[in-house]
Amino acid sequence: MKKHKTPMRKCIITNERMPKKALIRVVRTPSGTVEIDPTGKANGRGAYVSRDKTVIKKAKKTGVLSRHLSCDIPDDIYERLFGLVSDDS
């Protein structure tokens, strides 16, 4: 049988390549809103962040996520990211 390729993505904070399932996708939709994309298939510009509280704190502190998506990231998005990480840990 043929082996399936595991899709790899890069965390925008750590620049580490990891399996897509190990990351959280944040997307800026065509209408301009920012959402967390649990399916990984939402329409729009996406950025991947590691499932680690220190990485999310660094993303909030440095503003890398807002630069990557070219828009302001609301604080509730970061709160939801922290909630997802604490659920997984």
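Quickly estimate the mean residue ellipticity at 222 nm for the chain, helices only: each DSSP H run with n ≥ 4 gives -39500 (n - 2.57), and the total goes over all residues, rounded to 500. Could the numbers behind the result be given before it?
Details: 3 runs with 30 residues, N = 89.
For the chain, the value works out to -10000 deg cm²/dmol.
At most 13 other Cβ atoms within 10 Å and a DSSP loop assignment: could you name the trypsin sites (Lys or Arg not before Pro) in the range 38-89 that fit?
On the way: sites: LYS41, ARG45, ARG51, LYS53, LYS57, LYS58, LYS60, LYS61, ARG67, ARG80; in loops: LYS41, ARG51.
For trypsin sites (Lys or Arg not before Pro) across the range 38-89 that sit outside H, G, I, E and B with at most 13 neighbouring Cβ atoms in 10 Å, the list reads LYS41.
In order along the range 18-32, phi translates into HN-Hα couplings of 9, x, 3, 5, 8, 10, 10, 9, 10, 10, 9, 6, x, 7, x Hz, rounded to whole numbers, per the Karplus curve 6.51 cos²θ - 1.76 cosθ + 1.60 with θ = phi - 60° and x for Gly and Pro. Taking all pairs of distinct Cα atoms, average 1/r, flip it, and tell me the Kirkwood hydrodynamic radius of the chain in Å to one decimal place. Averaging 1/r across every pair of different Cα atoms and inverting gives 13.4 Å.
With the convex hull drawn over the C-alpha atoms of the range 37-89, the volume per residue is 78 Å³. For the chain, take the longest principal axis of its alpha carbons; what is the angle in degrees between that and the long axis of helix 53-62, to the nearest 10 within 0 to 90? Relative to the chain, helix 53-62 is tipped by roughly 50 degrees.
Computed from Cα atoms, the angle from the helix 75-88 axis to the main principal axis of the chain rounds to 40 degrees.
Bear in mind these aren't lab numbers, they're just calculated from the coordinates by the rules spelled out. All values reported here derive from a predicted model rather than from experimental measurement. When we count neighbours, we look across all protein chains shown, and the Cβ atoms used for this are built from the backbone with ideal geometry, even at glycine.
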